[in-house]
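Report on the following structure.
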Amino acid sequence: MNATNLVSRVTQFTIDHPDERDCWMKASAITGILEWEDPAAVEAVDGWLQRAIDTQRTGGNFTYSDTVQMIGAGHIRSYTPIASITSGIGYPMLRRYQQTGKAEYLAAAGRQVEALMSAPRTSEGGIWGRGEGPELWIDFTYIMCPFLALYGQLANSPAATNEAFLQYRLHVEHLVDPRKKLARHTWCEKPDHFPQSTFWSRGNGWLLCASVDLLAIAPDHPEAKFVADTCKAALEAMAAYQDESGYFCHVLDNPHSNLEASGGLMYAYAVAKAVDLGVVPSTMLPSALKALKVVAGAVEPNGKVPGVAVPPGGPGVPFDWALFGQGFFLLATHALQKHLAA
């Protein structure tokens, strides 16, 4: 696997395909590009971040999208974005603030935090995934929690850090099956049910990546052990479903579902980080490398990472590419690079 060449091609494809419609989809792509620190690529995503600031709404949301329509795809036909989903770009904005010290980044992130803290909640305090709630999505453990925790660290706001761990716990308590140790996609409070209840690979990937990023940001938080225990159990549970090829099935426990790329990339990233954090043993690294390498083998000459279940990600969606798939390829390769060279 020629990691340098692959990273270069995946990065260029990503830069050439910006998407203004949904900030959350480009968030991991920006984070991945920032990790590799290529000057030209970083300059390009600086433009994306500035665009998010320039179009930040009065209420603080990093978006200017109207209601999103996804006719015929998965269980969600439409949704109204609220502060939970627009928070996605806040995390890479804060990472760039760490690199540059540019006050505008921290100030804009602070406005998004205020919007998020004012978002509608379930009766227990869980922030809704969309305006049609009350409901929780496992995706938002990643979209909200590392952002809140990192903002808490950088802005000296313990309330934001505590909120990150509270949201993580509430989502886990409602969406992670206590027997399977895997996450379901969506829980609706009224009526109490799971609109989309399968154990899909990327859904669990969101949880795993949220876990390792939270632990890296705030390892000494009182709730860190809960996060580490949840992460370890989910990683071990997901590993048991890895296909011999290295991929994971789109629906983890349905071997007749398609093999899917993005969930495996998230798994690979999370394993690498979890090993570094001491959450899981290094014996899990071969499965992470296998997951990354099988996707690497499918990367197209132009740098597109194929085989991604497109949003909203539930059963029945088409497969193509997505900015978060590009981003997690970059993140997983960066996290595993020292093992690729071994």
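Every number here is computed from the coordinates shown, using simple stated rules; none is lab data. If you're wondering where the values come from, they're calculated on a predicted model, not measured in any experiment. Cβ coordinates were reconstructed from backbone atoms using ideal geometry, including for glycine residues, and neighbour counts include every protein chain displayed.
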Picking from 274, 47, 329, whose Cα lies most toward the positive end of the charge dipole for the chain (charges on Cβ: Lys, Arg +1; Asp, Glu -1)?
274
How big is the charge dipole of segment 3-336 about its Cα centre, in debye rounded to the nearest 20, if each Lys and Arg gets +1 on its Cβ and each Asp and Glu gets -1 on its Cβ?
180
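Mind checking the full-extension length gain between residue 19 and residue 225? Use 0.36 nm per residue of separation minus the Cα-Cα distance, one decimal, nm.
70.5 nm
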For residue 232, which aspartates and glutamates qualify as cross-link partners when the Cα separation must be under 16 Å and same-chain residues fewer than eight apart are set aside?
173, 177, 213, 223, 276
So how long is each side of segment 103-168 along the principal axes, counting just the alpha-carbon atoms, biggest first, in Å?
34, 19, 18
Among the lysines, which have Cα under 28 Å from the Cα of residue 102 when same-chain residues fewer than 8 positions away are ignored?
26, 273
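Once you have the Kirkwood Rh of segment 249-331 from its Cα pairs, apply Stokes-Einstein at 20 °C and 1.002 mPa s and quote D in µm²/s.
Values: Rh = 13.3 Å.
D, rounded to a whole number, is 161 µm²/s.
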Which distance in nm do the two modelled labels at residue 156 and residue 40 give, with both placed 7 Å along the Cα-to-Cβ direction?
4.2
Within segment 169-244: Cβ-based charge dipole about Cα centre, in debye rounded to nearest 20 (Lys, Arg +1; Asp, Glu -1):
140
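Output needed for the chain: three equivalent-ellipsoid semi-axes, defined as square roots of 5 times the C-alpha gyration tensor eigenvalues, in descending order, whole Å.
On the way: eigenvalues 134, 114, 83 Å².
After diagonalising the Cα gyration tensor, the semi-axes are 26, 24, 20 Å.
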Spin-label point model (7 Å from Cα, Cβ direction): what's the residue 216 to residue 80 distance in nm?
3.6
Per the helix-only model, the chain has a calculated mean residue ellipticity at 222 nm (DSSP H runs of ≥4, -39500 (n - 2.57) each, divided over all residues, rounded to the nearest 500) of -17500 deg cm²/dmol
Net charge dipole size for segment 133-217 [Lys, Arg +1 and Asp, Glu -1 on Cβ; Debye, nearest 20]
280
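If packing is taken as the mean number of other Cβ atoms within 10 Å per residue, what is the order of 43-49, 112-118, highest first? Let's see the in-between values first.
On the way: 43-49: 17.6, 112-118: 20.3.
Sorting 43-49, 112-118 by mean packing, highest first, produces 112-118, 43-49.
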Among 165, 261, 287, the residue whose Cα sits farthest towards the positive end of the charge dipole of segment 3-336 (+1 at Cβ of Lys and Arg, -1 at Cβ of Asp and Glu, taken about the Cα centre) is 287
With a Förster radius of 51 Å, plug the Cβ-Cβ distance of residue 193 and residue 102 into 1/(1 + (r/R0)^6) and report the FRET value to the nearest 0.05.
0.70
Among 247, 107, 128, which residue has its Cα positioned farthest towards the positive end of the charge dipole of the chain, with +1 placed on the Cβ of Lys and Arg, -1 on the Cβ of Asp and Glu, and the dipole taken about the Cα centre?
247
